[in-house]
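The structure appears below as structure tokens.
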Amino acid sequence: MQLHVLTEYEKDHIGERQALPEQYLGLSDQEMDTRIAAARAELGRRVVVLGHHYQRDEVIKFADFTGDSLKLARAISTRATAEFIVFCGVHFMAESADILRAPHQKVILPDLAAGCSMADMAASDQLETAWRELEDMGVDTASIIPVTYINSSADVKAFVGEHGGVVCTSTNAAAVMKWAWERPRSGEVKVMMLPDQHLGRNTGWKMGVPLDRMVVWDPHETRGGLTPAQASQAKLILWKGHCSVHTRFNVAQIEAFRKKYPDGQVIAHPECTLDVVQAADLSGSTEFIIDAVKKSPKGTVWAVATEVHLVNRLATQVAPDRTVITLDPFGCLCSTMFRVSPNHLLWILEGLLEGRIHNQIVVPDETKRLAKLALDRMLEIH
């Protein structure tokens, strides 16, 4: 019910965000569906539409590929003949697509206002400052492997690429960290994980890194808020960032669910806090969550701690013979993913038919070159 209300409200106020031509406002769902389908059919293989799992149903049903960030990054190379990549997601995803695309391709983001608050919590100039301050504290930065979550800007990925680091997603974070700790260095390797401290902490904890060897670097504090001793003894340096959706889940919600469904299972995304992940039965990426619920016995009851569009899709499409509910009774909506509307998708596709490209995402060449080093390292890790 909440999603329905939000969707109806958004339809009434869509013109208050990125300006759309008048003819793309106030359209019925049926007219948009018909026109989007017609435009896609006429464009044919000239266009590929990518849809992240957190997209609303009215948009994702038109995607050629659906998935998490890693799956969609890999999908780009399978449609090398397409002229246009329309990324129904958020800004950092479209940037990554522009970095990985073929030379003849152009990447388009349907709504430029679709950003990511987590990605905004880390900036390349803050990273440069962190490197200088760590050196001032006596830490050999040559021993630090920076690992950035794909939920980061192209500038941050470029810094990471230039400093021998790598990109990760929630699917391959453990494999990437293992790769990083195995790099040959003169001293003990430290990993700096950014911008999501919770993905880093949960992954490190599962890999056996003691919590007392993890420290949090606060970019808004002098020297990250750390002492030289704390920085020197750390094996894992966690950037102080988080996902506003996944940090809404808490242990009290798990306890309430278990009281109502004693035989139910809780599955959480690793962007949740450590206490939630520890209290859950399972944790993993969006692809892991889908696979676990899909393969569970019929009649199983699940509480899922992730974005509500994915939870609802699991409940209605992937696992209709199970009971699937959101762990948060109010639902956790990614408001920036929600910005990509069918109105925007229609405007983009019909613009392409008319020879007009709206909202092209272009990463500068030098940034692209360095960021691609980090992305390519990720794609090579299995």
Filter result (surrounded by fewer than 24 Cβ atoms within 10 Å (Cβ to Cβ) and under 16 Å from the mean Cα position of the chain (by Cα)) within the stretch 114-130: Gly115, Cys116, Ser117, Asp120, Met121
Any residue at all in the stretch 289-299 that is out of contact with any Leu (no Cβ under 7 Å at 6 or more places or on another chain), modelled with pLDDT of 90 or more, of a type in the set (Val, Ile, Thr) and under 19 Å from Val251 (Cα atoms)? yes
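Conditions (1) under 18 Å from Asp111 (Cβ atoms); (2) touching a residue at least 40 places away in the same chain (Cβ under 8 Å), marked per residue:
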position: Val47; (1), (2): yes, yes
position: Gly51; (1), (2): yes, no
position: Glu58; (1), (2): yes, yes
position: Arg74; (1), (2): no, yes
position: Ala80; (1), (2): no, no
position: Ile85; (1), (2): yes, no
Residues of the stretch 263-285 being farther than 18 Å from Cys334 by Cβ and of a type in the set (D, E, K, R), which ones? Asp263, Asp275, Asp281
Are any residues in the stretch 280-313 crowded, with 21+ Cβ neighbours inside 10 Å and without any contact (Cβ under 8 Å) to a residue 60 or more places away in the chain, and if so, which ones? Ala280, Ile289, Val293, Trp302, Ala303, Val304, Ala305, Val311
Given (1) over 21 Å from the mean Cα position of the chain (by Cα); (2) outside the structural domain of Ser143 (by TED's automatic domain parsing); (3) of a type outside the set (A, V, I, L, M, F, W, C), index of the condition Glu287 fails: (1)
Among the residues of the stretch 90-108, the number that are part of a loop (DSSP other than H, G, I, E, B) and over 18 Å from Leu375 (Cβ atoms) is 1
Unique residue being within 20 Å of the chain's Cα centre (by Cα) and at pLDDT 95 or above when the list is Val48, Val90, Val59: Val48
Could you tell me how many of the residues in the stretch 24-45 are hydrophobic (A, V, I, L, M, F, W, C), part of a helix (DSSP H, G or I) and surrounded by 13 or more Cβ atoms within 10 Å (Cβ to Cβ)? 6
Looking only at the stretch 183-227, and only at residues there that are over 27 Å from Ser153 (Cβ atoms) and of a type in the set (Asp, Glu), the one that is surrounded by the fewest Cβ atoms within 10 Å (Cβ to Cβ): Asp212
Just for the stretch 46-85: of the residues that are of a type in the set (A, V, I, L, M), outside any helix (DSSP H, G or I) and touching a Phe, Trp or Tyr at 6+ places or on another chain (Cβ under 9 Å), which one is farthest from Ile150 (Cα to Cα)? Val47
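The values are calculated or read from the model by the stated rules, or taken from the named source; none is laboratory data. This one's a predicted model, so the numbers in the text were calculated from it and none came from an experiment. So basically every Cβ, Gly included, is an ideal-geometry build from the backbone, and we count neighbours across all protein chains shown.
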